[in-house]
Amino acid sequence: MELTSATMRHRLRRGTIDDRVVEEIDTALDEAERTPGCRILLLEGGDGVFCTGMDLEEAAGGDVADGGRAFYGLLRRFTETPVTVVARVDGRAAGGGVGLAAASDFVFASERSTFSLPEALWGLLPCCVLPFLIRRTGFQKAYAMTLSTQPVSAAEAAAFHLVDEVTDDPEALVRRLAYRLTKLDRSIVTDMKRYFRELWILSDETEQVAVKEFGRLMSSPEVRRRLVDYATEKRFPWER
């Protein structure tokens, strides 16, 4: 992690999501919240990849159903923390990576970025992602991304509000945002996020539904077989 002025940066080094990645982001948020001058936690990926979601090879080898609760809890924390979470997407965002973006307060994406929800190809659903995506984009766009499994461009994502701005100079946007946020007490950011949550769908019941459905799907023998096929032979479900 790197603190520059009012912005703390956290790089998603591995490109996929597992328990360790969730813990690392939680730790970054802890540090940002402990730092009085910090106003922004900036999430960044590697070259050409923001985050591609759940590590399928790891999922094939263990019980990851409980990981759904931890991941949902992280996304919900984005909507509660007094720190403003900014996702800087430069390249591919898929599955849980879309969730990280959708739950962030702002998303700045380069023109080459794409966003997709491919979970249905494996017999899964983006259970923990959808409450936050629907909150950002509305029902139909979230539904269409889930059903089609096709990637959408940064420009398309901006048109339905998954992306706030498409830019090849995100640093200027982050600096401008940080300057404005330093004029606000962090307590009012907390109050604002709490109030907006009460106006929308991120209830305890929503979390229970999302986590339960993720666990049900992950316990399916057919889903497990598809994940094992990919982990051992890099074979996609339609290549049987």
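The values are calculated or read from the model by the stated rules, or taken from the named source; none is laboratory data. Just so we're clear, the structure is a prediction, and the values are computed from it rather than from any experiment. Here the Cβ positions follow ideal geometry from the backbone for every residue, glycine too, while neighbour counts run over all protein chains shown. Note: accessible area is taken over every heavy atom of the protein model, side chains too, but ligands, DNA and RNA are not part of it. Shrake-Rupley method; radii C 1.70, N 1.55, O 1.52, S 1.80 Å.
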Review point. Where residues in segment 102-118 are of a type in the set (Phe, Trp, Tyr) and surrounded by 24 or more Cβ atoms within 10 Å (Cβ to Cβ), which of them is nearest to MET192 (Cα to Cα)?
Key: PHE108
Check your understanding: Is it the case that some residue within segment 123-130 is closer than 25 Å to ARG39 by Cβ, in contact (Cβ under 8 Å) with a residue 60 or more places away in the chain and of a type outside the set (A, V, I, L, M)?
Key -> no
Practice item. Return the pairs, sorted by first residue and then second, in which the second residue is in a helix (DSSP H, G or I) and of a type outside the set (A, V, I, L, M), the first residue lies in segment 227-240 and is under 10 Å from LEU56 (Cβ atoms), the beta carbons are less than 6 Å apart, and the residues are 6+ apart or on different chains. Key: ALA231/GLU57
Review point. How many residues, within segment 149-176, are within 30 Å of GLY123 (Cβ to Cβ) and part of a strand (DSSP E or B)?
Key: 2
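Any chance you could count how many residues in segment 202-237 are under 30 Å from ARG136 (Cβ atoms) and either surrounded by 12 or more Cβ atoms within 10 Å (Cβ to Cβ) or in contact with a helix residue (DSSP H, G or I) (Cβ under 8 Å, 6 or more places away or on another chain) (or both)?
Result for segment 202-237: 23.
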Review point. Got at least one residue in segment 178-186 being free of Cβ contacts under 8 Å to residues at least 60 places away in the same chain, under 16 Å from LEU117 (Cβ atoms) and acidic (Asp, Glu)?
Key: no
Check your understanding: Can you find even one residue in segment 155-174 that is in contact with a strand residue (DSSP E or B) (Cβ under 6 Å, 6 or more places away or on another chain), of a type in the set (D, E, K, R), open to solvent by 20 Å² or more (accessible area, probe 1.4 Å) and farther than 26 Å from VAL211 by Cβ?
Key -> yes
Point to revise | Members of segment 1-18 found to be more than 14 Å from the chain's Cα centre (by Cα) and open to solvent by 30 Å² or more (accessible area, probe 1.4 Å), listed by number | key: MET1, GLU2, LEU3, THR4, SER5, ARG9, ARG13, ARG14
Exercise for review: Might you check whether a residue that is within 20 Å of ARG14 (Cα to Cα) and out of contact with any Phe, Trp or Tyr (no Cβ under 7 Å at 6 or more places or on another chain) occurs anywhere in segment 153-176?
Suggested key: no
Exercise for review: Output the qualifying pairs, or none if there are none: Cβ atoms under 6 angstrom, residues six or more apart or on different chains, first residue in segment 38-52 and closer than 18 Å to PHE115 by Cβ, second residue hydroxyl-bearing (Ser, Thr, Tyr).
Suggested key: THR52/THR16
Review point. Looking at segment 183-194, is at least one residue open to solvent by 40 Å² or more (accessible area, probe 1.4 Å), under 19 Å from THR81 (Cβ atoms), assigned to a loop (DSSP other than H, G, I, E, B) and in contact with a Lys or Arg (Cβ under 9 Å, 6 or more places away or on another chain)?
Key: yes
